[in-house]
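Right, one structure below, let's go through it.
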Amino acid sequence: MIWGSGAFQERRGASCRAWSWRLLRAALLATAGLAAIGGGAGSAETIGGALVKAYLTNPDINSQRAAVRQTDEGVPEANAGYLPKVSVIGNMAVAHVTGNQIIPGEPAINYSTGAFPRAYGVQGTETVFDGYQTINRIRSAETQVMGAREQLRNTEQNTLLSGVTAYMNVLEDTAILDLDNNNVQVLQEQLRETRDRFTVGEVTRTDVAQAEASLASAQAIALSAVATLQAAVATYRQVIGDQPGSLAPVKPIVRPLPKTLPEAITISQVEHPAITAQLDGVDAAQLQIKIAEGALYPQVSVTASASNNYDVNITPGMKALQAEIMGQITIPIYQGGAEYASIRQSKEGLTVQELRADSTRDQIRQNVVAAWGLNEASVGVVRAARAAVSANEVALTGVREEAKVGQRTTLDVLNAQQALLQARTTLVQAEHDQVVNSYSLLSAIGRLNIPTLGLAVAEYDPRVHFDQVKSKWIGLRTPSGQ
């Protein structure tokens, strides 16, 4: 059977409509599934509420808090150099002696003796002077604690910024998906009108094909937008620790930001936790040199011991109480040169740490300048995007009116519709970037934290755990200051 041209086109159009409806139905179902994520929240989630969740539950922050507590234990560990070392000692042996005693002029006397020599006692050692190594180890441990706290501040900053970005990505991708779905609906109506006009001879088959092609492309873009939103939702869940429900709009940060770029750079060089952590590392490296140099100093210690001894000299029943106190001084002369290599190594370590601090300063400065430029440009970009949307709305209205009287083609209408969609998408992206860029600038200067944001959550205080363990002499349980 040979199909006629009109019959073939009609069946082709029906097939295209069915395929288009299947794509749209899939997109709507996926969108409904995403809307269900979050369990029907009664009110919209705010950016503050989301950041509080991240601050309390994010594993990156909590693991860094645990790392700070781990570093705290270095202080009592170093302080152990001031404290005595006490131990209980004991020993036991089995001895048997067989021999003879010869006395001139008398017969030899054979004898055999068995005994159980044993002893128990206590011994204590106190270091009197170790070349200032203990005091420098304590100072180094305290400096490392300060550095760990700064690393925690930096981790909190990065996590909060990731939370803002994830929040805004969900908002952006949701809005873009809504625009794409709306575009599909508009193009479906456009295709219907074009087919009606084709039926009455106002347009050609080419116009219908153009409308069909635009609709198919829009449906494909809508499906891609669904996948992009799903990825954004997954990232939100990873950072915030909860599924996103209905998210409230966010305004860019303005008040906490510096007024000028030089002011922003100055603040960052003083307050950014990445820089202060590196400076604490420099202090620790300087103290490490002093610790290594302590090996060249005399070492003075006092040892005291007391013990009960039984079957002394393998004599059954013989007891002895022994007690002694002994002072010892060791003056190093030459120990193979290892101590000198350790000192040189520590000095090079200081150089490495100083260079890392300089590199971090430069990196933070670059980040501030870049963030400042992006934040400043965001205002103009949003303003231009809004103007573009308004202009494209006017243009689309005019093109549609002109198309009704035959002055414009279907392709002109489709192009105007696509231009408006692109303008609206650009505006959504620009508003997203404006918010993220403002928070990024606050992070770049080192002030993206709980007090600055005014979040309704108690700020984690690492000093609680430090105070609990810094003078702890004994005990296996970790304290409750989490």
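Only the coordinates and a few stated rules stand behind these numbers; no lab work does. Model, not experiment: these values are computed from the prediction. Cβ sites come from the backbone with ideal geometry, for glycine too, and all protein chains shown count toward neighbours.
Give the longest segment of the chain that steers clear of chymotrypsin sites (Phe, Trp or Tyr not before Pro) in DSSP loops with at most 11 neighbouring Cβ atoms within 10 Å, not counting the sites themselves. Before the final figure, lay out each step's value.
On the way: sites that count: 3, 334, 473.
Between the exposed loop sites, the longest stretch runs 4-333.
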Report summary line: Sequence order, region 329-335: Karplus ³J(HN,Hα) from phi using 6.51 cos²θ - 1.76 cosθ + 1.60, θ = phi - 60°, Hz rounded, Gly and Pro as x, gives 10, 10, 10, x, 10, 8, 10
Report summary line: Karplus-derived 3J(HN,Hα) from phi for region 286-300 (6.51 cos²θ - 1.76 cosθ + 1.60, θ = phi - 60°), whole Hz, x at Gly and Pro, runs 5, 5, 5, 5, 5, 5, 5, 5, x, 5, 8, 8, x, 10, 10
Query raised in the report: Where in region 72-103 does the amide nitrogen come within less than 12 Å of the point 7 Å from the Cα of residue 116, taken along Cα to Cβ?
Result: 92-95
**Report entry** Interatomic Cα distance distribution for region 346-482, bins of 10 angstrom, percent
**Finding:** 10, 17, 18, 20, 13, 10, 6, 4, 1, 0
Report summary line: Computed ³J(HN,Hα) along region 208-215: with the Karplus parameters 6.51/-1.76/1.60, θ = phi - 60°, integer Hz and x for glycine or proline, the list is 5, 4, 5, 5, 5, 5, 5, 5
Report task. Starting from 0 in steps of 5 Å, tell me what percent of the Cα-Cα pairs of region 137-265 lands in each bin. Result -> 2, 9, 11, 11, 11, 10, 10, 9, 7, 6, 5, 4, 3, 2, 1, 1, 1, 0, 0
Report summary line: With Cα coordinates, the longest principal axis of the chain makes an angle with the long axis of helix 5-36, in degrees rounded to 10, of 40
Query - Debye-sum result for the chain in log10 I(q)/I(0), which assumes one identical scatterer on each alpha carbon, at q = 0.07, 0.09, 0.11 Å⁻¹ - result: -0.65, -0.85, -1.05
Query raised in the report: For residue 472, which lysines qualify as cross-link partners when the Cα separation must be under 16 Å and same-chain residues fewer than eight apart are set aside?
Result: 85
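In µm²/s, what is D for region 220-265 at 4 °C and 1.567 mPa s, where D = kT/(6 pi eta Rh) by Stokes-Einstein and Rh is the Kirkwood radius from Cα pairs?
Numbers: Rh = 13.9 Å.
Translational D for this selection: 93 µm²/s.
Restricting to Cα pairs below 8 Å that are 6+ residues apart, what does the relative contact order work out to for the chain? Please round to a whole percent. Before the final figure, lay out each step's value.
Working: 666 pairs, mean separation 114.8, N = 482.
Normalised by residue count, the contact order of the chain is 24 percent.
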**Report entry** Computed [θ] at 222 nm, helices only, for the chain once each DSSP H run of length n ≥ 4 contributes -39500 (n - 2.57)
**Finding:** -23000 deg cm²/dmol
Query raised in the report: How much net charge surrounds residue 390 when only other residues with a Cβ under 13 Å from its Cβ are counted (Lys, Arg +1; Asp, Glu -1)?
Result: +2
Query raised in the report: Cα-Cα over 31 Å: which of 251/404; 347/470; 259/347; 290/470?
Result: 251/404; 259/347
